[in-house]
């Protein structure tokens, strides 16, 4: 592996401000940013080709550019630290070990879009990380990196940690904003997009933790440098990949964007399949990403190549499944998650996710019917692309891909009952 | 004006109008459940999704403003497939108990399932069920029928100004209920039943009384206060069963209050006097009229006109008084404490007004002044449609009095004679609201028993020969 930005700092001793200042050129990017104009910062972001690390992969510089220069309401910068996509655990390490990187990134981001208030909306289960962030924020306030007139620049920025209450849907940016405002965590109709009317009606940018921790590097070393870290044209920087499941060395790894295939990640980085059993399936981008079979893993692990093979990189959570786990149970469990986490607002997701779960449950327990598979595919068609937010797609995509790619596993259970085994 | 094309038809629109409203102008129906023109847009039911050229995904018509040159297809294959899918999703957990549901016949879910749904059911799992919730005196909630459109929640917070309906739990288990299952508090609770697109929220008062398709509908005006909310009386066989608001953006928008909604019931009071009455016992019309003449003959008479009378009736009373009661003064009365149009004011932030009668402003327009005392007079004639506060008036009227109109046990005390007349649902006429808007009452039912229209009563009274009036005369003014 070539240059990494984060992974060498993922240790308990790197958490404090002292370490950040001495070992990570802490808050130098901030000072540099204050000498730049907001437009320059946004241009640098655009040049860096950094794409949102939360799942959608939207170019961050372009997103920042959507914020209107003049607005009647205050602007906000919100960090999405909800990290609720199953399989994803990279942001936790970023907040746990390099909280000041996030704080610095947010102050620069606030300066670039003209926001004076920032929120870190953190997953409720991350109690420890929320406490660590609070401590880091206190440190930053004490040393004048947050608050009024930051480092004599005349720029004010306040940062607050807001803890969620454990709903997946609050990781959806408008659901997050509702929750932040104290409302039910339900996604909003778009448009208006948050950049026009977000938190408390003001123009708002919502960025993932990793996206914001990229910012100090981009400012310090330049967008072009950052873009070159990526090995593909439209994807800059490095990616933190959460590898989990049946691998010998699960964990968070950092790779240059687009520098490796999934096969390399599994066998070279994560030490191969657990118990050296055959690989059965790979879910490449968090549980909402359509599944890949063992034959499909020679694809470059990045946004565009994965889209081309009908899946997605999502939050870069690679879940590896060997042949020891029943594939139908796996998709049942995933679907149960989405049915449970559906907010219940819009019809296809509220009704369809539970319906799919019920059917999969039946099949898993040997009560499936031949027509169930066609029905499942029909339901996924009726959900995908027709819901208010992306949760519907997140639930439908995996089901459709599992049924299409592992049809024999489903059929064996339908024809042979619950004890049927499939051997390829 | 900008134009867009919907299903091949060019439509002009005003900037900001959404596709549902624009399509409606040319008679194209885009089905929807959660959208309501008087509430915020949430695009939750997904039923109104349509295909728009140059957009990859279906777009919800409710949340999409029409754009110049936009080409919309509401019945393309994809749109139709989506409508079918949404109907299926909504019905898998819906009990389909239309035969025992009060909403049947006027239910969006039922109508659209016939029109856009599939007759075939693919759902084989267990249905989701809930326990019914008693939501106070006005509304009964059947959560099983609910399709989670959240119109009720939005009505509460956005119109009624009270956050009492909420969604609890999440996803498939979402339950629409009141906070902690408490009874509804708003005075506008009836609207919850009106806007509910299924039989989930029903009016307790109307439950199991009448199938909706038997009801005849008469567009009229509420007589409950000086707002004059537009409403529809629904009746069958001379019996009013329900009233619901009609849309009038200048007066009441889409809503009405519970007081107005249930006001029609005072005319169905079993103790209502529906026969001519003299000293508490029933007599025939000629005897009652003779007594009325005797009470007022040659006396200095105060004529109290209830401000629940129509413009036409008030004019007739004024003419009648000039001709037949030469020594009389005509004044108006209605709501204690509201003696003139100047006393009338808003009672809440929504619709209600202080004047509890509909035509206070009309009476003043005809030159009448308000008064509630008969001091200095020897006799009184009180005209009331049953809504004017007769009981309060009669506390101060100690002279022999004739009552004309609607009286019940509660209000008949103190009258020597009562000549039974017609209430607001039993007559045509004009009333003037607090903004000076003239609106028409329409007769929905006939006056009960021997009650007669004010015009007829006055005609008989002024006919000194005392001849029987034509028994066939209608109640029309």
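Classify the stretch B:95-174 as rounded, prolate or oblate from the Cα gyration tensor: take a ≥ b ≥ c as the square roots of its eigenvalues, call it rounded if a/c is under 1.5, otherwise prolate when a/b beats b/c and oblate if not.
prolate
Remind me, relative contact order of chain A in percent, using alpha carbon pairs under 8 angstrom and six or more residues apart?
Contact order relative to length: 16 percent.
Using Cβ counts within 10 Å as a stand-in for footprinting exposure, how do B:352, B:54 rank, fewest first?
Starting with the residue having the fewest Cβ neighbours, the order is B:54, B:352.
Between A:413, A:375, A:77, where does the largest GNM mean-square fluctuation fall for chain A, given springs only between Cα atoms within less than 10 Å?
The residue that fluctuates most here is A:375.
So what is the calculated 222 nm ellipticity per residue for chain B, using -39500 (n - 2.57) for each DSSP H run with n of 4 or more, over all residues, to the nearest 500 deg cm²/dmol?
-5500 deg cm²/dmol
Mind checking the mean number of beta-carbon atoms from other chains within 10 Å of the Cβ atoms in B:163-172? Display every interim value, and only then the final one.
On the way: counts 0, 0, 0, 1, 5, 2, 1, 13, 15, 13.
Average neighbour count from other chains, rounded to a whole number: 5.
What fraction of the Cα pairs in the stretch B:247-296, stated in percent, has a spacing above 16 angstrom?
62
Helix-only estimate, please: 222 nm mean residue ellipticity of chain A, summing -39500 (n - 2.57) across DSSP H runs of length 4 or more and dividing by its residues, to the nearest 500.
-12500 deg cm²/dmol
How much of the DSSP beta bridge set in the stretch B:3-91 is antiparallel, as a percent to the nearest 5? Before the final figure, lay out the partial values.
On the way: 9 of 11 bridges.
Percent antiparallel among DSSP bridges in the stretch B:3-91 is about 80.
The stretch A:17-68 to the stretch B:281-330: how many Å between their Cα centroids?
Here the answer is 87 Å between Cα centres.
Between the stretch A:349-378 and the stretch B:169-190, how many Å separate their Cα centres?
A separation of 31 Å, based on Cα centres.
Can you tell me the Rg and the Dmax, both Å, for the Cα atoms in chain B?
According to the Cα coordinates of chain B, Rg and Dmax are 26.7, 86 Å.
Per residue Cα convex hull volume for chain A, in cubic angstrom?
Cα convex hull per residue, to the nearest whole number: 126 Å³.
Using only Cα atoms, tell me the angle between helix A:327-341 and the longest principal axis of chain A; keep it within 0 to 90° and round to the nearest 10.
Approximately 50 degrees, to the nearest 10.
For the stretch B:271-476, build the convex hull from the C-alpha positions and give me its volume per residue in Å³.
Cα convex hull per residue, to the nearest whole number: 112 Å³.
How far is helix A:347-364 tilted off the main Cα axis of chain A, in degrees rounded to 10, range 0 to 90?
50
Would you work out the Kirkwood radius for the stretch B:1-116? I mean one over the mean of 1/r across all pairs of different Cα atoms, in Å.
14.9
Distance from the Cα centre of the stretch A:259-297 to that of the stretch B:194-261, in angstrom?
63
Mean 1/r over all different Cα pairs, inverted: what Kirkwood radius does the stretch B:250-359 give, in Å?
Radius from the Kirkwood sum: 17.0 Å.
Mind grabbing the base-10 log of I(q)/I(0) for the protein assembly as shown at q = 0.06, 0.11 Å⁻¹? Debye formula, identical points on the C-alpha positions, no solvent, two decimal places.
Listed by q, the Debye log ratios stand at -0.57, -1.23.
How high is the relative contact order of chain B? Use alpha-carbon pairs under 8 Å, at least six apart in sequence, and give a whole percent.
11
What is the stretch B:3-91's relative contact order, in percent, from Cα pairs under 8 angstrom and six or more apart in sequence? Provide the component values of the computation, followed by the final result.
Details: 149 pairs, mean separation 29.7, N = 89.
That works out to 33 percent.
Most fluctuating residue of A:129, A:351, A:85 in a GNM of chain A with Cα springs under 10 Å: which is it?
Among A:129, A:351, A:85, the largest GNM mean-square fluctuation belongs to A:351.
Laboratory data are not the source of any read-out in this text; all were calculated from the coordinates shown. Remember, it's a predicted structure, so these values are computed and weren't measured experimentally. Backbone-built Cβ (ideal geometry, glycine too); neighbour counts: all protein chains shown.
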